[in-house]
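**Q** Could you have a look at this structure, given as structure tokens, before my questions?
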Amino acid sequence: MVYNNIQLTVLPKQACVENLLKEIIGEKIGVNPQKINTIQVIRKSIDARSKVQVKINLAVNVYTDKTTPEAVSYPFKYNNVADKPAVIVVGEGPAGLFAALRLIELGIKPIIIERGKEVSERKKDIALLNQNKGLNTESNYCFGEGGAGTFSDGKLYTRLKKKKDCSRILLNFHQHGAQDSILFEAHPHIGTDKLPVIIKNMRETILKYGGEVHFESKMTDLLINDGAIEGVQLANGEKMFAKAVILATGHSARDVYEMLQNKGITMEAKGFAMGVRVEHPQALIDKIQYHCGERGEYLPAASYSLVSQVEGRGVYSFCMCPGGFIVPASTNEKETVVNGMSPANRNSEFANSGVVVEICPEDLEAYKDFGVMAGLHFQQEFEHLSFVNGGGNAIAPAQRLTDFVKGRLSCDLPDTSYLPGLISSPLHFWMPDFISKRLREGFKEFDKKMKGFVTNDAIIVGVESRTSSPIRISRDEETLQSVALKGLYPCGEGAGYAGGITSSAMDGESCAEKIAEWLGTGI
Ligand SMILES: Cc1cc2nc3c(=O)[nH]c(=O)nc-3n(C[C@H](O)[C@H](O)[C@H](O)COP(=O)(O)OP(=O)(O)OC[C@H]3O[C@@H](n4cnc5c(N)ncnc54)[C@H](O)[C@@H]3O)c2cc1C
């Protein structure tokens with residue numbers, strides 16, 4: 001017999017120890033626990049609102065006697081597209097990868113052009129960067145196979161309420177090797193230790209069904225004929241031709257925006273956000289969020305999400321990585337940028353998060369001569385300032401959080417997860433006032449919501465500047481083509497239509513579908 005969608009609220013230990021859970025379920029549905037052979041979790045979330053006891057909310061399907069759950073069924077049907085019409089996909093981040101997979105489903109051959117290296121080679125450059133042995137500007141935390149999402153926390157939720165839900169994206173990750181939990185957790189995440197294999201598996205699917213993937217192939221120009229795209233040119237001079245090009249180059253490819261501007265492709269300035277990364281001991285965040293001494297073995301590293309308004313601008317936590325690491329995420333020499341990642345089990349001793357201030361185009365009056373590129377120039381300057389105030393190469397500037405809020409230099413710094421190293425620096429002094437003042441007020445507000453958040457044991461590290469694109473490449477809402485160039489599909493985070501892995505992947509799929517409609521292959 002199968003009992004579907006049984007709702008339970010249990011203790012953390014009861015959620016983890018199968019026999020205990022069977023007893024509770026048995027009582028709830030009036031069945032001998034020994035007759036239950038499989039409990040299939042379909043939804044799981046943590047409720048830490050009570051100051052007394054953290055609870056786990058579960059929805060489960062229960063299988064008794066000889067019944068068992070059916071295997072996960074995937075909606076993807078791939079046929080070989082080697083001899084089908086080709087579309088060029090520039091960039092193998094989430095947007096490019098999911099666009100390519102969707103193109104294959106729709107009977108179109110994707111040719112992926114990626115400036116960085118394949119994921120296992122990319123790992124070596126990242127290892128050197130973490131040892132502070134230099135940045136490879138083409139192979140780093142942002143550039144290379146899998147894009148900016150490969151070495152990340154792999155959080156797979158999005159704040160965007162889009163037309164279609166994101167279950168296809170989750171199922172696709174699962175089919176390519178992600179853990180079962182992404183299909184039922186309220187806040188699914190994969191982890192940086194698992195993502196590289198999943199990305200490689202996706203590439204292998206693309207190759208198996210006749211697509212192409214070209215690494216260390218930087219697109220430097222668009223080939224245009226009579227107002228329509230006809231292909232791309234690579235850094236080595238090679239030209240590749242196709243009637244449609246998906247431009248999924250992410251928001252770190254500043255050279256791409258410059259090239260587009262020179263070509264007269266219409267772009268708009270958009271709001272973005274910049275600030276710092278804050279790091280606490282994970283045990284402290286657990287204590288605040290779970291209202292306990294130690295979280296014990298049955299609860300995951302606690303997370304938080306904070307937001308406040310300071311002088312008309314949002315100040316908020318971003319891309320929180322429980323049990324994670326701060327990482328050097330610059331793509332350029334003489335610029336220091338940080339971001340965060342976590343392994344699947346989120347077991348580092350540290351919790352980090354971006355804390356950023358919303359920046360609107362009108363805040364950048366001093367940069368107005370740069371027109372649509374104003375945000376990009378400001379971002380570049382902010383990152384250079386962070387470098388100048390750092391300790392050379394990837395050694396990042398840092399300050400104890402209490403000192404930052406009080407406006408004084410830190411005499412020393414606590415331990416950190418950031419491998420290249422930190423140097424004490426007065427971030428309150430050198431960051432632009434309109435960011436640093438709001439951050440200081442924002443942190444005070446956060447401390448009211450999470451008592452103990454502002455502490456001498458926490459640090460801030462400079463700078464978190466690549467939260468989203470400061471530019472949008474204008475596209476027609478209906479066709480998703482560039483308003484300036486027929487056949488060009490600006491896509492994903494770099495085009496300004498997504499923020500994060502899931503929404504970029506969804507945008508990739510949408511662009512592929514619009515291309516299929518346009519080329520007449522249908523869906
Ligand atoms: C360290 C880190 C952690 C993150 N953690 C999370 C997280 O947990 N959850 C989440 O949702 N988001 C996270 N993000 C953000 C997320 O990774 C991005 O939102 C997402 O990857 C954007 O997808 P995209 O495909 O649009 O662009 P990108 O992932 O940036 O991919 C663009 C690709 O294009 C390539 N490219 C650029 N220019 C060219 C060119 N001229 N020619 C050829 N190829 C080119 C790049 O090498 C890159 O591979 C994280 C980002 C970083 C850096």
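The values are calculated or read from the model by the stated rules, or taken from the named source; none is laboratory data. Since the structure is predicted, the reported quantities are computational estimates derived from the model, not experimental observations. Methodologically, a virtual Cβ is constructed for each residue, glycine included, from the backbone with ideal geometry; neighbour enumeration extends over all protein chains shown. With ligands, DNA and RNA removed, areas are computed over all heavy atoms of the protein, side chains included. Shrake-Rupley method; radii C 1.70, N 1.55, O 1.52, S 1.80 Å.
**Q** For residues that are in contact with a Leu (Cβ under 8 Å, 6 or more places away or on another chain), of a type in the set (S, T, N, Q) and away from the ligand (no atom under 14 Å from the Cβ), tally how many sit in segment 224-265.
**A** Residues flagged as in contact with a Leu (Cβ under 8 Å, 6 or more places away or on another chain), of a type in the set (S, T, N, Q) and away from the ligand (no atom under 14 Å from the Cβ) within segment 224-265 amount to 0.
**Q** Residue check: is GLU513 part of a helix (DSSP H, G or I), over 26 Å from ARG254 (Cβ atoms) and assigned by TED's automatic domain parsing to the domain that holds CYS166?
**A** It is true that GLU513 is part of a helix (DSSP H, G or I), over 26 Å from ARG254 (Cβ atoms) and assigned by TED's automatic domain parsing to the domain that holds CYS166.
**Q** Okay, next question. Go through GLU92, GLU114, GLU121 for me and flag whichever is within 16 Å of the ligand (Cβ to nearest atom) and either open to solvent by 20 Å² or more (accessible area, probe 1.4 Å) or not assigned by TED's automatic domain parsing to the domain that holds HIS251 (or both).
**A** The conditions single out GLU121.
**Q** Same structure, new question: Cβ-Cβ under 7 Å, sequence separation 6+ or interchain: first residue in segment 220-240 and of a type in the set (Gly, Ala, Ser), partner open to solvent by 40 Å² or more (accessible area, probe 1.4 Å). Which pairs?
**A** Short answer, once both residue conditions are applied: GLY227/LYS486; ALA228/LYS486; GLY231/LYS239; GLY231/PHE241; ALA235/LYS218; ALA235/THR220.
**Q** Being of a type outside the set (A, V, I, L, M), closer than 28 Å to ASP193 by Cα and either part of a strand (DSSP E or B) or open to solvent by 40 Å² or more (accessible area, probe 1.4 Å) (or both) is the requirement here; does LYS84 meet it?
**A** Judged against the criteria, LYS84 is not a match.
**Q** Pick from segment 254-294 the residues that are polar (S, T, N, Q) and more than 27 Å from ALA351 (Cα to Cα): which of them is surrounded by the fewest Cβ atoms within 10 Å (Cβ to Cβ)?
**A** ASN262
**Q** List the pairs whose first member sits in segment 503-523 and is more than 23 Å from THR467 (Cβ to Cβ), whose second member is of a type in the set (Ser, Thr, Tyr) and not in a helix (DSSP H, G or I), and whose Cβ atoms are under 9 Å apart, counting only residues at least 6 apart or on separate chains?
**A** Listed by first residue and then by second, the contacts come to ALA512/TYR489; LYS514/THR479; LYS514/TYR489; ILE515/TYR489; ILE515/THR521; GLU517/THR479; TRP518/THR479.
**Q** Related question: Might you check whether a residue that is touching a strand residue (DSSP E or B) at 6+ places or on another chain (Cβ under 8 Å), surrounded by fewer than 19 Cβ atoms within 10 Å (Cβ to Cβ) and either part of a loop (DSSP other than H, G, I, E, B) or not aromatic (Phe, Trp, Tyr) (or both) occurs anywhere in segment 134-154?
**A** Scanning segment 134-154 turns up no residue that is touching a strand residue (DSSP E or B) at 6+ places or on another chain (Cβ under 8 Å), surrounded by fewer than 19 Cβ atoms within 10 Å (Cβ to Cβ) and either part of a loop (DSSP other than H, G, I, E, B) or not aromatic (Phe, Trp, Tyr) (or both).
**Q** Right, another one. Across segment 178-203, what is the total count of residues that are open to solvent by 50 Å² or more (accessible area, probe 1.4 Å), outside any helix (DSSP H, G or I) and under 22 Å from ALA100 (Cα atoms)?
**A** Total satisfying the criteria: 1.
**Q** Also, quick follow-up: Please count how many residues of segment 254-302 are over 26 Å from the mean Cα position of the chain (by Cα) and charged (D, E, K, R).
**A** 5
**Q** Can you find, within segment 460-481, the residue that is farthest from LYS406 (Cα to Cα) among those that are in a strand (DSSP E or B) and either more than 16 Å from the ligand (Cβ to nearest atom) or not small (Gly, Ala, Ser) (or both)?
**A** Ranking the candidates gives ARG475 first.
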